[in-house]
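Single-structure report; data block below.
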Amino acid sequence: GIASGAAGSTAVVMASLTATHGVTFLSGAVLLAGMLQILAGVLRLGKFIKLVPHPVMLGFVNGLAIVIGRAQLSHFRDPVSGLWLGGARGATMVGLTAFSMALVKLLPRVTTAIPSSLLTVGIITILTHVLGLPATTLMDMAGAETFQGGVHMLPHLGLPAVPWLSAPLSTLSVLLPYAATMAAVGLVESLLTLQLVDGLVDDETRGDTSKECIAQGLGNIFSGLTGGMGGCAMIGQTQVNVQAGATSRLAGIAMSLFLGVGIIGAAPLLGQVPIAALVGIMFIVCESTFAWSSLRIMRKIPRTDAAVIVLVSLVTVFRDLAMAVVVGTIVSALSFAWRQSTNISSAQSIDKEGWKAYRLQGLLFFGSTQSFTEVFSIQDDPSDVILDFVDMRVLDHSALEAIN
């Protein structure tokens, strides 16, 4: 049920590239990013997403819900003055948005044969034109030329116009940093979205992370060959997809086919859709994406886990998703290592022959070696000492050196 497209997280990376080197290098970077994602899938690097702790996942969805919601607020401002919409336009925007939110919630009680979000778009569009409401449409925002439609809208297939052969090293030096960043950001968001879908769809199956990496890579390669900007799995659209009943990859394929047919054959009609209808749907997506249960458990879970949820949410909102996941995972790992480093203990006994035995417990690794050495009373111990490691796990070279 995953839906992929031109996501904001990858667009930020490519915006920096185009600002520095122009749009010429965009398609080349997308193509290279796709190759790197396929390589990650072949090497089965996607399996490491399971190392992302649950608090990081909660912070990820919370932060992303805030980002999606904040993005919708721009539609309530005048694009020229930047002020909040007022008068009839403002009232229409607020009213249609609220009505579309209500429809998305109420229509499933009437019928589930057609997804409620699709029905909502149709109802709001018809209502707007019948009543002659002053609503901003997609055509008003993107321009009439964007919604001309026709076969000429199809992209042309070909290699990006970058100096692959004349200056391969300098071209690669420009493309590789952006491509690697885009590949990493795209895979992180895609694999986290995959985990989210596994939790939402209760079909007793799990998504294959390696296949997801390869699929995202193939998509970006084709996007680069057709002059696209690339992308990754999008949690907002995926939520809409799953809520509409999608349970397989056929839903994503159908989405792309209908989108393509709409752009070619029904673009003028799509251009008449009011922005308010889509904004209302996305607000519902925000509401369902946000992990409200995380607010209830804040005082019941360890403080470090609660801090990680808040930290990842903030970094997602103010920086980017990839950095948030990395920061949250590192903080969680350090927190775990600290807790385990102080969890070394021993039970001491002396047998009839005067031998002293230490029955050790805990995990012995680089972080707990100091606690390990503090267990022993070297000055008071007899010459014969037994170290019992039955209840202790020795994990790394630092542990072996501490024992030595």
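Only the coordinates and a few stated rules stand behind these numbers; no lab work does. This structure is a prediction, so every number in the text was calculated from the model and none was measured. FYI the Cβ positions are ideal-geometry reconstructions off the backbone, even for glycines, and counts take in every protein chain you see.
Taking the Cα centre of region 285-366 as the origin and placing charges on Cβ (Lys, Arg +1; Asp, Glu -1), which of Val285, Thr304, Leu314 is farthest toward the positive end of the dipole?
Looking along the dipole axis, the top candidate is Thr304.
Please state the shape class of region 208-332: rounded when a/c is under 1.5, otherwise prolate if a/b exceeds b/c and oblate if not, all from the C-alpha gyration tensor.
Prolate, since a/c reaches 1.5 and a/b exceeds b/c.
Roughly how many nanometres apart are two label points built 7 Å out from the Cα toward the Cβ at Ala337 and Ser293?
3.0
Which value, in debye to the nearest 20, gives the size of the charge dipole of the chain about its Cα centre, when Lys and Arg are +1 and Asp and Glu are -1 at the Cβ?
Here the chain has a charge dipole of around 1020 debye.
Taking 51 Å as R0, compute the FRET efficiency from the Cβ-Cβ separation of Val130 and Ile330 and round it to 0.05.
With a Förster radius of 51 Å, E is 0.40.
Note down the relative contact order for the chain as a percent, whole number, built from C-alpha pairs under 8 angstrom at least six residues apart.
Averaging sequence separation for qualifying contacts and normalising by length gives 30 percent for the chain.
With just the Cα atoms defining each centre, how far is region 328-404 from region 101-134? Give it in Å.
Measuring centre to centre over Cα atoms gives 65 Å.
In Å and on Cα atoms, what radius of gyration and Dmax does region 339-382 show?
Just the Cα atoms of region 339-382 yield Rg and Dmax of 11.7, 37 Å.
Tell me, rounded to the nearest percent, the portion of alpha carbon pairs in region 262-387 spaced more than 20 Å apart.
The share of Cα pairs beyond 20 Å in region 262-387 comes to 69 percent.
In the calculated pair distance distribution of region 129-186, what percentage of Cα-Cα distances lie above 16 Å?
71
If r is the Cβ-Cβ distance from Leu51 to Asp78 and R0 is 41 Å, what FRET efficiency results, to the nearest 0.05?
That pair, Leu51 with Asp78, gives E of 0.35.
How much of the calculated P(r) for region 60-147 lies past 15 Å, in percent of all Cα pairs?
It works out to 69 percent of all Cα pairs.
Measuring from label point to label point, each 7 Å out along Cα→Cβ, what is the Thr146 to Arg206 span in nm?
If labels sit at Thr146 and Arg206, their model points lie 4.1 nm apart.
Enumerate the aspartates and glutamates that Lys47 could reach by cross-link, defined here as Cα to Cα under 20 Å, with residues fewer than 8 away along the same chain left out.
Lys47 reaches Glu189, Asp198, Glu204, Asp208, Glu212.
What is the pair-distance distribution P(r) of region 80-193, computed from all Cα-Cα distances in 10 Å bins starting at 0, with each bin given as a whole percent?
Over region 80-193, the share of Cα pairs per 10 Å bin runs 10, 21, 22, 25, 15, 7, 0 percent.
Aspartates and glutamates near Lys352 by alpha-carbon distance under 13 Å, same-chain residues fewer than 8 away left out - which ones?
Counting by Cα, and skipping residues close in sequence, Lys352 has these aspartates and glutamates nearby: Asp384.
Relative to the longest principal axis of the C-alpha atoms of the chain, give the angle of the C-alpha long axis of helix 209-225, reported between 0 and 90° and rounded to the nearest 10°.
Tilt of helix 209-225: around 40 degrees.
Under the rule of -39500 (n - 2.57) per DSSP H run of 4 or more residues, summed and divided by the residues of the chain, what mean residue ellipticity at 222 nm is obtained, to the nearest 500 deg cm²/dmol?
When only DSSP H runs of four or more count, the value is -19500 deg cm²/dmol.
Taking a point 7 angstrom from the Cα of Val42 along the C-beta vector, which residues in region 176-206 have backbone N less than 19 Å away?
Once the point is set 7 Å along Cα→Cβ of Val42, 176, 179-181, 183-184, 187 turn out to lie under 19 Å by backbone N, inside region 176-206.
Please report the spacing between the Cα centers of region 221-255 and region 4-42 in Å, no decimals.
17
What's the angle, to the nearest 10 degrees (0 to 90), between helix 321-341's Cα axis and the longest principal axis of the chain?
It is inclined by approximately 20 degrees.
Report which label in [x] -0.57, -1.06; [y] -0.49, -1.10; [z] -0.69, -1.20 holds the value of log10 I(q)/I(0) by the Debye sum over Cα atoms at q = 0.09, 0.13 Å⁻¹ derived from the coordinates of this structure.
[z]
What's the angle, to the nearest 10 degrees (0 to 90), between helix 275-289's Cα axis and the longest principal axis of the chain?
Computed tilt is about 20 degrees.
Positive end of the dipole of the chain, charges at C-beta (+1 Lys, Arg; -1 Asp, Glu), about the Cα centre: which of Val390, Ala71, Thr120 has its Cα farthest in that direction?
Selected residue: Thr120.
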